There are 2 protein chains.
Amino acid sequence: MSNQDECCSPLVREPLSAPQAVELARVFKAVGDPVRLRLLSLIASHDGGEACVCDLTGAFELTGPTISHHLKVLRESGLITGERRGTWIYYRVQPETLARLSAVLTPAGAIA
Amino acid sequence: MSNQDECCSPLVREPLSAPQAVELARVFKAVGDPVRLRLLSLIASHDGGEACVCDLTGAFELTGPTISHHLKVLRESGLITGERRGTWIYYRVQPETLARLSAVLTPAGAIA
């Protein structure tokens, strides 16, 4: 969505269009999983705001490939970016995507 | 969750605990569907902040039972409440739940 206002208007202000809802639902579905929510939170709160798989696997009783699958879903939905440096890919949260989801969910009483 | 601060701390500030992530993921999953996102938005932006199924079905090419199923998911996840008055149940958005999701997703740059 190119229009910044349209993209981030709270859903309580006016009905979402069907295409907006399809696009937003995809991103909400990506955070609708406990492992992915924790991964997002671990990456965002890690030193320097970035983390590699090596920093993340210890927090879960899950295999590397399972963690990688969840990171891929987060990446494809625009919630994180990954940058290869040497052996590892370093992940960072995309603050614009978080800001957009947060804005869409702003309740009526909190709209400026 | 009884502790208000703990419930709404942005996920970029500190890692979510596993139980927090399970609870939050359930609510995000509820909004991770285009029909439910549009229902939420239609209810919230309807006159007086409430709507009955009779106000909602016209916006979708879906049967009444399908709409009712999605309303049930929204209700069970605490995103809307329903109150029967006469023939119809009137739905309202729960602003506390929206506020909580919005707060959890607040990006680092926007934390007060």
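The values are calculated or read from the model by the stated rules, or taken from the named source; none is laboratory data. From a predicted model like this one, the values you see are computed outputs, not experimental measurements. Note that each Cβ is placed from the backbone with ideal geometry, even for glycine, and that neighbours are counted across all protein chains shown. For accessibility, only protein heavy atoms count, side chains too; no ligands or nucleic acids. Shrake-Rupley method; radii C 1.70, N 1.55, O 1.52, S 1.80 Å.
Determine if the range A:65-79 includes at least one residue that is in contact with a Phe, Trp or Tyr (Cβ under 7 Å, 6 or more places away or on another chain) and either within 8 Å of chain B (Cβ to nearest Cβ) or under 23 Å from A:E23 (Cα atoms) (or both). Yes, the range A:65-79 has at least one match. Close contacts from the range A:15-29, counting a first residue that is within 7 Å of chain B (Cβ to nearest Cβ) and a second that is outside any loop (DSSP other than H, G, I, E, B) and open to solvent by 10 Å² or more (accessible area, probe 1.4 Å), with Cβ to Cβ under 6 Å and a gap of 6+ residues or different chains, come to A:P15/B:L42; A:P15/B:S45; A:L16/B:R38; A:A21/B:P34; A:A21/B:R38; A:V22/B:P34; A:A25/B:P34. Working only within the range B:82-112, note down all residues that are over 23 Å from B:L11 (Cα atoms) and more than 8 Å from every other protein chain (Cβ to nearest Cβ). If the condition is that a residue be over 23 Å from B:L11 (Cα atoms) and more than 8 Å from every other protein chain (Cβ to nearest Cβ), then B:G82, B:E83, B:R84, B:R85, B:G86, B:T87, B:W88, B:I89, B:Y90, B:Y91, B:R92 are the ones that fit. Assessment of the range B:45-54 against the conditions (open to solvent by 30 Å² or more (accessible area, probe 1.4 Å), within 7 Å of chain A (Cβ to nearest Cβ) and either touching a Leu at 6+ places or on another chain (Cβ under 8 Å) or at pLDDT below 95 (or both)) yields at least one matching residue.
Kindly indicate whether B:L37 is facing chain A (nearest Cβ under 7 Å), touching a residue at least 60 places away in the same chain (Cβ under 8 Å) and closer than 23 Å to A:P34 by Cβ. When the stated conditions are applied, B:L37 does not pass them.
Does the range A:4-26 include one or more residues that are at pLDDT 95 or above, open to solvent by 20 Å² or more (accessible area, probe 1.4 Å) and in contact with a helix residue (DSSP H, G or I) (Cβ under 6 Å, 6 or more places away or on another chain)? Yes; the residues of the range A:4-26 include at least one that is at pLDDT 95 or above, open to solvent by 20 Å² or more (accessible area, probe 1.4 Å) and in contact with a helix residue (DSSP H, G or I) (Cβ under 6 Å, 6 or more places away or on another chain).
The selection criterion, being under 14 Å from A:L105 (Cα atoms), touching a helix residue (DSSP H, G or I) at 6+ places or on another chain (Cβ under 6 Å) and either open to solvent by less than 30 Å² (accessible area, probe 1.4 Å) or outside any strand (DSSP E or B) (or both), holds for B:T106.
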